[in-house]
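To start, the structure under review is shown below, and the notes come after it.
The values are calculated or read from the model by the stated rules, or taken from the named source; none is laboratory data. Note that the structure is predicted; figures quoted are calculated from it, not measured. In this analysis, Cβ positions are derived from the backbone assuming ideal geometry, glycine residues included, and neighbour counts consider all displayed protein chains.
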Amino acid sequence: MKLLRLYIIKSGIFQKTVIDFTDKSGKPQDLICLAGVNGAGKTSIMELITNLMWFLNPKLTLENIAIDRLKPNILTRTEFAQLDIFYEGKILSLVLGDESHIQKSSEYEQMLIIEKQIASILKEFEEVVKSSIPHNKKDQITIKGTEYFEKKFFNRNITQINNQLFAELFQELEKNIGQKMSKNNSLPFVYYFDADDRKIQDIRYRSIPEDNPIYELVQRYHSEDNDIKKLLVYYDYAYTQEFEKLKEWVNAKVLDNKRITRIDRTQFKVVIQTDNGEHGMELLSSGEESLLIMAIQLYLNASPNSVILIDEVDQSLHPQYQEKMMQLVKKIQQQTNCQIIVSSHSEFIWHEFDEQAIIDLTRR
């Protein structure tokens, strides 16, 4: 699976825009950089991609779509969007909004999934969420009328055109979504790193749950749910051989002058050896944390049909680490044939890409 293009009409700063992920010959590129200053729309594009990808889910519910009391979902702030995906020699187009804006392919067979009502339902739901009063100190939300929205969401208007082109794919999605994900997963999915959630948690006083990843079309990294330290502690006793391979790779490719030596299970501690002694993983610098988190998740999740999105890939990274991160990105992409799209306002990052692979949003 590779992304081809994203058409946008009236979404934030984008009035009428085409984000083209292809090269000069029209083929999807494997490595792409969204370049631009703050406010150029880099995050909006990544949020649009992750939310549009949900349209592939035949079991889609309100629970799948992120609702934030402080920030409206990108779908409710967009008049029209069309994400074209290249899959097994055909195009699968995920469309938000009116059919009159649809861009049709003259070169490839094309299936269209058109969501006409989802934005209005989400917008109405968001208004209820914003006005809901938290029922305890943890700021959890009790939403009145949830059953009404679930029914409305289930009965929303969806149009599919040429769905026979991907009948086999949708049978596999129906069967696998929500089920335990194989370590050799070949089904399509998007893995998204946002710019603000790359921290290692202190888990000494928590139980370590089983690492039992569930297949979803969209997976977002969350420091608490997907904590690297928690994952490594679990891997050490559940997948010993895989852990040793991962540890060897991290020590050789990721860390500088430091290495993971062992897991102290009694303290839930990943022990890091340095020139001056040992310390726990949670004492790494913010740059080391960010680099390690992205590297390990890339190592574990990149696959031929995955699209990896990394917003502000240079976040907290010294230029030396930015270079190392891009070396890892390129190597993992070559090994897995996934598609990786990063955003950055760092010239150090831009220089790592071919000219045609840089989408300069500042000039739009």
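Residue check: is Ser290 modelled with pLDDT under 90, within 30 Å of Leu187 (Cα to Cα) and hydroxyl-bearing (Ser, Thr, Tyr)? Break it down stepwise before answering.
Working: modelled with pLDDT under 90: yes; within 30 Å of Leu187 (Cα to Cα): yes; hydroxyl-bearing (Ser, Thr, Tyr): yes.
Taking the combined requirement at face value, the residue satisfies it.
Table: residues versus (1) farther than 18 Å from Val307 by Cβ; (2) at pLDDT 95 or above.
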site	(1), (2)
Ile8	no, yes
Ile32	no, yes
Ile45	no, yes
Phe55	no, yes
Leu62	yes, no
Asp68	yes, no
Pro72	yes, no
Glu79	yes, yes
Gln82	no, yes
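The combined condition, being more than 18 Å from Asn64 (Cβ to Cβ), at pLDDT below 75 and more than 26 Å from the chain's Cα centre (by Cα), is not fulfilled by Asn184.
Determine, yes or no, whether Thr146 is modelled with pLDDT under 90 and of a type in the set (Val, Ile, Thr). Taking the combined requirement at face value, the residue satisfies it. If only residues of region 106-133 that are touching a strand residue (DSSP E or B) at 6+ places or on another chain (Cβ under 6 Å) and not aliphatic (A, V, I, L, M) are counted, the one that is modelled with the lowest pLDDT is Ser132. The set of residues from region 1-44 being in a loop (DSSP other than H, G, I, E, B), within 21 Å of the chain's Cα centre (by Cα) and within 24 Å of Tyr108 (Cβ to Cβ) comprises Met1, Phe21, Gln29, Asp30. Return yes or no: is Gln103 modelled with pLDDT of 95 or more and in a strand (DSSP E or B)? No; evaluated as a whole, the condition is false for this residue. Of all the listed residues (Leu309, Leu246, Leu284, Leu231), the sole one being among the aliphatic types (A, V, I, L, M), more than 24 Å from Cys338 (Cα to Cα) and within 25 Å of the chain's Cα centre (by Cα) is Leu284. Only a single item in (1) among the polar types (S, T, N, Q); (2) closer than 19 Å to Val342 by Cα; (3) surrounded by fewer than 22 Cβ atoms within 10 Å (Cβ to Cβ) is not met by Asn51, and it is number (3). Residues that are buried (at least 16 other Cβ atoms within 10 Å of the Cβ), more than 15 Å from Ile340 (Cβ to Cβ) and out of contact with any Ser or Thr (no Cβ under 9 Å at 6 or more places or on another chain) within region 1-21 comprise Ile19, Asp20, listed in sequence order. Among the residues in region 25-48, are any over 26 Å from Val129 (Cβ atoms) and of a type in the set (Ser, Thr, Tyr)? Yes, region 25-48 has at least one match. Quick check on my filter: what residues within region 333-353 are buried (at least 18 other Cβ atoms within 10 Å of the Cβ) and more than 21 Å from Lys42 (Cα to Cα)? Passing the criteria: only Thr336. State which residue is surrounded by the fewest Cβ atoms within 10 Å (Cβ to Cβ) when the search covers only region 72-100 and only residues that are of a type in the set (Ser, Thr, Tyr) and not in a strand (DSSP E or B). Out of the qualifying residues, it is Ser100.
In the list Thr61, Thr50, which residue meets the criterion of being in contact (Cβ under 8 Å) with a residue 60 or more places away in the chain, farther than 22 Å from Arg363 by Cα and within 13 Å of the chain's Cα centre (by Cα)? Show your work before the answer.
Working: Thr61 fails: within 13 Å of the chain's Cα centre (by Cα).
After applying the criteria, what remains is Thr50.
The criterion of at least 2 residues that are touching a residue at least 60 places away in the same chain (Cβ under 8 Å) and buried (at least 16 other Cβ atoms within 10 Å of the Cβ) is met, among strands (runs of 3 or more DSSP E) falling completely within region 238-332, by 306-310.
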